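Working notes for the structure below.
The values are calculated or read from the model by the stated rules, or taken from the named source; none is laboratory data. Just so it is clear, the model here is predicted, and its values are computed rather than measured. Using ideal geometry, Cβ is built from the backbone for each residue, glycine included, and neighbour counts are taken over all protein chains shown.
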Amino acid sequence: MAYKIYKVNEEFRDIVPQEVIDLEEKATWGNPKRGVMDLPVSKELLEEHSLCAGCPESAAIRYILASLPNPEDTIIVNSTGCTSLVFPHISLHTVHSLFGNQNSVASGIKRVLEWRFPDKVKDVVVLAGDGATVDIGLDYTLQSFFRQEKITTICFDNEVYANTGGQESGLTPKGHVFKMAPKGKQFEKVPMWQLAIDSGCHYVARLTVSSPKKVERVIKEAIYVAREVGPTYIHLYTPCILEIGLNSDDGLDEMRSRDKERFAFFEYKTPEAEEVIAKYKAEGLL
Amino acid sequence: MRMIENKVEKNWAGQRIVSPDYLLFEAPREKHFMTGSEAVKEAVKRASVDASVSYPITPQSEAAHLIGELWAEGYVGVYFRGENEFGVMSEVAGAAMAGARVITTTSGPGTLRAFENFPMWSGTRIPVQLVLMARGVNSPLSIQPDNLEVDFLLDTGCMIWYAENVQELFDMIIAGFAVAEQPDVHVPIITAVDGFFVSHTREAIYLPPDDIALPPYNPYKSPMPVIDAEIPPGRFLRDPFVMKSNYISYATHASWQWEVRAAIERSRPYAKHYLRGLTEEFGDKDSDIVFVACGTAASQAKEAVRMLEETEGIKAKVVKLKTIRPFPYEELVEATKNAKYIFIPEFNVVGWLEREVRKALYKKSNAEIIGTPRVAGGMTMPKEIIVKEVLEYIK
């Protein structure tokens, strides 16, 4: 198993930083039953984070990394934005390439890993913001769905270009005032979850990250379905507390209030996806 | 895991594995008659290519179809049609990061649509091969031969080679992998030819047998860890993120960019070996009239050299540049040391090769450097035009 690459060379053990030794000794490798409940007791795959204090996106990334069923053989591809600032902190093989091309890069990686390692499971997961997924990268996102690429795409929707200073995005709700939309956004929020269904995704979920256990279930189902059937898409509300004028401790309340309206939990599964999920449930992995 | 050891005797297609030297220089060759697009297929067939992604654009489409046929026949591991050239060049980047030997093809406007990817390729140190069948760029719309797009590519950190004809294209594609994949080089290689003049022209070509092939690419020799979760370090971001506002990050970015250029410089000895020199001369070695050219402009210049000798009794020579990046500075200085007149015939409006030659010869040559004849947009360059220009200058 590839988690051997986390083994510390004995010659260097006395000078290797403790967090790297912890990765070998206390991270949950080789255990598909790992999950968010391990967070307090195991070594996380996120080494601190570089986002604002209280940023819900950092919570989302922690829950996602804790929920990966096969982290030792998972490749993560991201795009430019706040998420990319976290990538150097993730203890996996990750890629930041360009702004918007994440699903293309992930397609190339997934296909080649299937070709090079026909007998191994290698999961490929895309983590990107709403600008990367739905504006500049929409073509590449949808085309990877059309082509039935076996990858899981996770969109962190904060409804704004946060990293560049708060500009309107395609996922901003109509009427909200942001930079580049000084009179308020003129068109509706793009229903990306519906586009994902129409474009051939086999599992689609929309939710906030207010409930870690729910995030864990959704992530695992999406990855298992992507592994065996085809593309899957998860749309997460991770508000930018900075851009909407909230305090560091307001993120959770903001998500809970949206749980009841435009981010009410929504899930879609094709019959093939249902079959895969039932199989993993029977194996006790879901 | 798919075979990646150099010691194995056969690749996945059942071809016997031979060294690049054997394939290029020693294997017996047979004469065939084919187009540049067909020569691409023959080269890829003998190159143990893991992956290719394609997109239609004239004049490279046929080459891309033929790579697809090789996939259907089991010679290429992964192949599909991407959504557009920006997507394609990102897909091949992902494929290369995951440890594949990759080739793709494009032309003209496709090159420009893909553009953001090329400096990313070199920065991420992937030895992707792009066969560029040069064509005009808009506007107005043109699908004709014109190599303006090569000018735009000069500073992307990719190696750029320029093949004159069908034979050279075949040999350069094979040599391209051998050079680009050297651990101390490991940058992308753009193998350029003139669209139509080479892609669509049927010529004699000598090919080694098709039951031998290059050793498969070994990604574990890469200077950057391959993205497959099989090699330490476990925590690895490709590419390194240096976007912090401090001098260490600025210096890291700068040194990374310089290192990409240094890697191209380190390709010189390998390219000299596999291309048998970065330049090639034709005509009277001591002549003071010199044409410096690449691609089919070199072919036309050779015809002009013959015509000058036959009709005017004037001796001249052609210095053909096979590599543009790295640029063959020393070879060019040596080859033009007796020159009084240096003519640079080109298939583009801006004269990018003239600029390159002027830069290379600045304070190193007293010759008059003349950027002519220059044609574009699909115009041809008859030898008579070249001869006429020369006679006007030297009388």
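Looking at segment B:27-84, which of the residues that are among the acidic types (Asp, Glu) and more than 23 Å from B:ASN147 (Cα to Cα) is surrounded by the most Cβ atoms within 10 Å (Cβ to Cβ)?
Ranking the qualifying residues of segment B:27-84, first place goes to B:ASP50.
Which of the residues belonging to segment A:148-187 are under 30 Å from A:TYR224 (Cβ atoms) and aromatic (Phe, Trp, Tyr)?
The answer is A:PHE156, and nothing else.
Count, please, the residues in segment B:55-103 that happen to be basic (Lys, Arg) and within 21 Å of the chain's Cα centre (by Cα).
Going through segment B:55-103 one residue at a time, the tally reaches 1.
So which of A:SER50, A:SER97 is at the interface with chain B (Cβ under 8 Å from one of its Cβ atoms), without any contact (Cβ under 8 Å) to a residue 40 or more places away in the chain and over 21 Å from A:ILE223 (Cα atoms)?
A:SER97
Just need a number here: residues in segment B:377-393 that are surrounded by 19 or more Cβ atoms within 10 Å (Cβ to Cβ) and in contact with a strand residue (DSSP E or B) (Cβ under 9 Å, 6 or more places away or on another chain).
Within segment B:377-393, residues that are surrounded by 19 or more Cβ atoms within 10 Å (Cβ to Cβ) and in contact with a strand residue (DSSP E or B) (Cβ under 9 Å, 6 or more places away or on another chain) number 3.
Restricting segment A:111-126 to residues that are surrounded by 22 or more Cβ atoms within 10 Å (Cβ to Cβ) and more than 8 Å from chain B (Cβ to nearest Cβ), which is farthest from A:LYS150 (Cα to Cα)?
By that ranking, first place goes to A:VAL126.
Residues checked against (1) touching a strand residue (DSSP E or B) at 6+ places or on another chain (Cβ under 6 Å); (2) more than 26 Å from B:ALA192 (Cα to Cα); (3) within 14 Å of chain A (Cβ to nearest Cβ):
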position: B:PHE241; (1), (2), (3): no, yes, yes
position: B:SER249; (1), (2), (3): no, yes, yes
position: B:GLU265; (1), (2), (3): no, no, no
position: B:VAL319; (1), (2), (3): yes, no, no
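Only one of B:SER19, B:SER107 is surrounded by fewer than 22 Cβ atoms within 10 Å (Cβ to Cβ), in contact (Cβ under 8 Å) with a residue 60 or more places away in the chain and among the polar types (S, T, N, Q). Can you tell me which?
Of B:SER19, B:SER107, the one residue that is surrounded by fewer than 22 Cβ atoms within 10 Å (Cβ to Cβ), in contact (Cβ under 8 Å) with a residue 60 or more places away in the chain and among the polar types (S, T, N, Q) is B:SER19.
Residues are listed down the side, and each one gets a yes or a no for (1) among the hydroxyl-bearing types (Ser, Thr, Tyr); (2) under 30 Å from B:LEU391 (Cα atoms); (3) assigned by TED's automatic domain parsing to the domain that holds B:ALA367:
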site: B:VAL242; (1), (2), (3): no, no, no
site: B:ASN246; (1), (2), (3): no, no, no
site: B:SER249; (1), (2), (3): yes, no, no
site: B:THR252; (1), (2), (3): yes, no, no
site: B:TRP256; (1), (2), (3): no, no, no
site: B:ARG268; (1), (2), (3): no, no, no
site: B:MET307; (1), (2), (3): no, yes, yes
site: B:GLU312; (1), (2), (3): no, yes, yes
site: B:LYS317; (1), (2), (3): no, yes, yes
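A:THR152 is checked against (1) away from every other protein chain (no Cβ under 12 Å); (2) buried (at least 22 other Cβ atoms within 10 Å of the Cβ); (3) more than 17 Å from the chain's Cα centre (by Cα) and fails just one. What number does that condition carry?
Condition not satisfied by A:THR152: (3).
What helices (runs of 4 or more DSSP H) lie completely within segment A:1-119 and have 1 or more residues being touching a Leu at 6+ places or on another chain (Cβ under 7 Å)?
Output list reads A:56-67, A:82-86.
Residues that are under 27 Å from A:LYS122 (Cα atoms): which helices (runs of 4 or more DSSP H) entirely in segment A:191-286 hold 3 or more of them?
Fully inside segment A:191-286 and qualifying: A:192-198, A:212-228, A:271-282.
Which residues, taken from segment B:132-141, are crowded, with 17+ Cβ neighbours inside 10 Å, out of contact with any Leu (no Cβ under 8 Å at 6 or more places or on another chain) and in a loop (DSSP other than H, G, I, E, B)?
B:ARG135
Mind checking which pairs have a first residue in segment B:61-72 that is within 12 Å of B:THR35 (Cβ to Cβ) and a second that is part of a helix (DSSP H, G or I), Cβ under 6 Å, 6 or more apart or different chains?
Note: pairs meeting the criteria are B:GLU62/B:SER37; B:ALA63/B:SER37; B:ALA63/B:VAL40; B:LEU66/B:LYS41.
Take the conditions hydrophobic (A, V, I, L, M, F, W, C), touching a helix residue (DSSP H, G or I) at 6+ places or on another chain (Cβ under 9 Å) and either touching a residue at least 60 places away in the same chain (Cβ under 8 Å) or over 24 Å from B:ILE231 (Cα atoms) (or both) and apply them to A:VAL105. Does it pass?
Criteria not met by A:VAL105.
Just to be sure, is B:ARG306 at pLDDT 95 or above, of a type in the set (Lys, Arg) and within 30 Å of B:PRO140 (Cβ to Cβ)?
Here the answer is no, as B:ARG306 does not meet what is asked.
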